[in-house]
1. Hey, for a label at B:Gln164 modelled as a point 7 Å past Cα toward Cβ, could you say which residues of the range B:120-137 have their backbone N under 18 Å away?
2. Going from most exposed to least, what order do B:His130, B:His70 have by accessible area with a 1.4 Å probe?
3. Hey, got the dipole for the range B:198-241? About the Cα centre, +1 on K and R Cβ, -1 on D and E Cβ, debye to the nearest 20?
4. Once you order the gyration tensor axes a ≥ b ≥ c over the Cα atoms, which shape class does the range B:198-241 get: rounded for a/c under 1.5, otherwise prolate or oblate by comparing a/b with b/c?
5. Tell me the accessible surface of A:Trp265 in square angstrom (1.4 angstrom probe, heavy atoms of protein chains only), to the nearest ten.
6. What area, in nm² and to one decimal, does the C-alpha convex hull of the range A:235-281 cast on average over all directions?
7. In whole angstrom, note down how far apart the Cα centers of the range A:92-112 and the range A:231-280 are.
8. So for A:Phe68, A:Phe250, A:Phe294, B:Phe120, what's the accessible-area order with a 1.4 Å probe, most first?
Amino acid sequence: MANPNPTARSFLQVASTEEAAPPLRVVQMEGLVVLKIIKHCKEFSPALVTGQLLGLDVGSVLEVTNCFPFPMREENEEIEADGANYQLEMMRCLREVNVDNNTVGWYQSTLLGCFQTVELIETFLNYQENIRRCVCIIYDPSRSDQGVLALKALKLSDSFMDLYRNNNFTGEQLRERNFSWVDIFEEIPIKVSNSALISAFMTGLEADTPVTQCDYDRLQLSANPFLKRNMEFLIECMDDLSIEQQKFQFYYRNLYRQQTQQQAWLQKRRAENMARKAAGEEPLPEEDPLNPIFKPIPEPSRLDSFLVTNQIANYCNQINGYVTDLLPWQSLYHAGTPTVFSKQLGDCIY
Amino acid sequence: MAASERTVLQFTSAPSSTSLSARVHPLVIFNICDCYVRRPDQAERVIGTLLGSILPDGTVDIRNSYAVPHNESSDQVALDIDYHHNMLLSHQKVNPKEVIVGWYSTGLGVTGGSALIHEFYSREVSNPIHLTVDTGFRNGEATTKAYVSVNLSLEDSQLAAQFQEVPLDLRMVEAERVGFDILKTTMVDKLPSDLEGMEASMQRLLALIVDVYKYVDDVVEGHAAPDNNIGRIISETVASLPKLSPPDFDKLVNDNLQDHLLLLYLSSITRTQLTIAEKLNTAAQLL
């Protein structure tokens with residue numbers, strides 16, 4: 001039957017053509033969410049905490065408008081049900097006061113950037129089943145001592161998700177797709193927005209105390225504790241990486257040995273067959289699947305080594321960044337130490 | 001009637017109210033403003049509970065808050081108590097140290113309905129703080145005030161509750177101070193990087209130093225009255241710079257510099273090693 005209106009599409013047609021979602025370009029957070037995350041992570045530091053993000057998914061922008069923290073959980077079965085109840089209860093209550101109760105991801109705190117673990121990936125995949133686009137916000141409360149707002153928005157890259165779902169983490173697959181360890185996570189830029197009311201309030205309230213707003217601790221020149229901890233973590237990660245490398249070497253050696261064994265067996269079989277042919281008997285098959293030397297050895301997954309590599313790269317970047325920022329300050333040393341001076345200056349003016 | 005008898009209006013002032021002061025974290029203000037923006041259309045103002053703790057010196061530290069749905073008409077106020085309790089339980093699961101310290105409402109001043117709500121809250125906690133946040137900007141600026149209620153009684157009968165204002169302090173934790181600049185504007189395109197943050201701090205420090213300089217100049221030239229205390233503090237500050245002989249100082253600085261350069265070298269070489277190792281791992285071809 002001819003379609004009377006060629007431009008109209010039938011319902012079935014529309015339902016079948018999935019609209020390609022525009023790629024996520026930016027995460028827009030409200031100041032309220034930033035403050036809540038900072039407060040929660042800081043209160044419980046050095047313990048690592050998590051919480052849920054609520055908001056809206058609009059085009060290529062993911063808006064995060066509210067969040068709530070998760071209570072510290074013990075690894076206990078009955079507490080699991082409690083946790084789910086808590087979540088439902090919070091979402092219901094927030095709905096009553098007109099907060100968007102649409103989950104868009106979760107946030108977690110970290111210590112010096114050691115967050116690339118398999119659990120993170122599993123959580124991502126769990127969330128991804130229900131929500132089309134979700135994001136994880138990582139906050140590092142220890143870096144606020146250096147005066148840096150260490151907020152990062154992470155997302156698993158699509159290529160990684162395909163590979164992981166198909167459990168295709170072997171060397172050849174990775175080589176084919178030209179996939180390296182930098183491709184696992186994608187970092188998304190963060191924008192902070194505030195309603196006009198709040199910005200008016202903050203501008204009005206800030207004028208009272210310009211002096212106490214001066215954050216001297218950022219001008220600290222002793223970087224040693226931070227660098228020391230970074231180096232310690234880096235060394236631990238190097239140990240992990242070398243263990244992973246050894247696993248690979250072991251695998252390759254086994255593979256090689258197995259192949260030489262196979263060759264030897266094949267030679268023997270061929271010789272036997274020659275003898276048999278000479279004797280006029282049936283030749284034996286050249287393959288014997290029941291022989292244990294033909295059992296294929298499973299290749300170890302490269303996922304762990306990738307994650308560890310990611311962590312190491314992270315630490316290196318942090319150290320690099322920190323030290324290069326510090327270098328110009330060294331020249332200021334000749335003028336005296338700013339920190340002690342500035343603290344007392346602030347006191348005397350106040 | 002006994003004309004000689006005189007009934008005197010008594011102020012039973014709570015002994016702690018004279019030294020009571022309140023401290024508010026900016027998160028609370030953000031929460032209140034956000035709830036106000038999201039309020040249902042028929043509500044004129046937003047009411048909610050304040051959570052926090054009482055510090056050992058008597059100051060009330062207000063750290064968190066949540067809105068409670070309510071219905072208000074000219075003579076009646078109805079508050080959703082179940083909701084209030086549910087939210088309180090949920091919040092306490094995360095942070096058991098935060099307890100109710102009072103309640104807030106938007107709008108300037110205290111109305112009749114507020115007295116009833118205050119009575120409800122005083123049943124939950126002794127001496128609750130009432131915080132008003134003026135979202136209407138009626139005075140042309142943002143005003144937040146904190147009140148404590150004091151009972152006025154005539155002999156034995158309760159007459160009224162007087163709301164006495166209490167000094168309020170807006171405090172910010174170090175981490176929040178770092179992000180404060182981005183909280184002031186309506187839209188920030190990217191989070192400030194380390195260097196920009198440091199630059200801002202340096203500029204603030206410079207402004208402080210310029211102020212002190214100007215003050216000292218004024219005093220010397222006789223424009224401003226000299227204050228001995230300030231002068232003493234300034235001289236202490238200047239004297240607090242450590243005195244090291246130049247060669248020692250140079251050695252200190254150079255050692256530090258070399259350590260840092262070594263770290264830089266180590267981390268760069270680690271990164272290079274990572275790329276090579278990864279190429280070897282995935283590019284390995286057997287047979």
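The values are calculated or read from the model by the stated rules, or taken from the named source; none is laboratory data. Owing to the predicted nature of the structure, the values given are computational and were not obtained by experimental measurement. Cβ placement follows ideal geometry from the backbone for every residue including glycine, while neighbour counts extend to all protein chains displayed. For the accessible areas, the whole protein counts, side chains as well, though only heavy atoms, and no ligand, DNA or RNA atoms are used. Shrake-Rupley method; radii C 1.70, N 1.55, O 1.52, S 1.80 Å.
1. B:122, B:126-132
2. Working: B:His130 0, B:His70 35 Å².
Reading off the accessible areas and sorting them downward yields B:His70, B:His130.
3. Approximately 120 debye in magnitude.
4. Oblate, because a/c is 1.5 or more while a/b does not exceed b/c.
5. 30
6. 3.0
7. Here the answer is 51 Å between Cα centres.
8. Of A:Phe68, A:Phe250, A:Phe294, B:Phe120, the descending order of accessible area is A:Phe250, A:Phe294, B:Phe120, A:Phe68.
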